[in-house]
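Q: Pasting in a structure now, in structure tokens, and then I'll have a few things to ask.
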Amino acid sequence: MPRPLRAQVANAEIADALERVADLLEAQDGQQFRVRAYRRAAETLRRLEQPATEILRAEGTAGLVALPGIGKSIAALVDEYAHNLRLGLLDRLEGQTAPEDLFTTVPGIGEELAARIHRELHVETLEELEVAAHDGRLERVPGFGSRRVRGIQDSLAAILVKGARRRARRMRWLEAGREEPRRGAEPAAAEAAHAGDERPPVALLLDFDAEYRKRAEAGELRTIAPRRFNPRGEAWHPVLHDERHGWSFTALYSNTARAHELGRTRDWVVIYWEQDGHEDQCTVVTEYSGPLAGQRVVRGREEECAETLGTRKR
């Protein structure tokens, strides 16, 4: 039985979520064509007279794809938000953004002001920034007059109210020490049974992993300050966004409790991927035993890696 749509979701609310994705991707040096695509889709939804939920109910995501500026991937995000009032992609991006970059997504705050806020007020999140905007601290930071602070108060209220339910749900899982489950996700066995071409080839994943680690080691990538396991708020976490053969990729070193426990935070690489509305993730690690010892492998796809690596020089 199909999941029920949230009838109360307005087009403007979904458009706000897409624009938030665009802002955060831009702050993280994401591909500009992706940033533009999310903004175009948001504009389409704002101009749409018919509720997007009605189109989904009558025609499914195919009805959205027929609209200008909305492809399969973004149609799937609209469908996800209409069902769940959240976007997994947005959750990830919000967790990956350094404070200075996060603050620049608020209208009226540029890079210099964002750095000044973080340096002088030591705030890390939009919620903390909102408090500072109301208790007088923000107005005491050079460059912030009363008019600018009022505008920032209004902008933050709009951003935070729309995302309150999503962030509260996410925080409950993080405080429990667990990753938030993807809603509607199938059991691993069922997913593997029909995965087929819905997953990137392991050769492509291994090549992207190799580029990420090489550029991260050379200091060529933007680094962000993860919220978890980072008491000093250091920006140590390199992030890479790229597009290859129709797949959108994002790579980061693993920041899980297990990776920290085993000392593998600079070895395990988590790759998020998406194509035509289907997204998932995998982890690439160095194998320490067996015939693939010393090689990079995609967890859960070791046999495919063995076939691929067998044609390469060890």
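Read-outs: derived from the displayed coordinates by stated rules, not from any lab. Everything numeric here is computed off the predicted structure, so don't read it as measured data.
Q: ³J(HN,Hα) across the stretch 56-68 via Karplus (A = 6.51, B = -1.76, C = 1.60, θ = phi - 60°), whole Hz, x for Gly/Pro?
A: Karplus-based 3J(HN,Hα) across the stretch 56-68 equals 4, 5, 8, 10, x, 5, 4, x, 6, 4, 6, 7, x Hz.
Q: Next up: Which far-off residues, 5 or more places away or on another chain, put their amide H under 5 Å from the one on Leu240, with H placed in the peptide plane?
A: Amide H neighbours of Leu240, under 5 Å, 5+ apart: Ala251.
Q: I'd like the distance separating the alpha-carbon centroids of the stretch 31-85 and the stretch 199-222, in whole Å.
A: 30
Q: Which whole-number percentage describes the relative contact order of the stretch 193-309, with Cα contacts under 8 Å and a sequence gap of 6 or more?
A: 20
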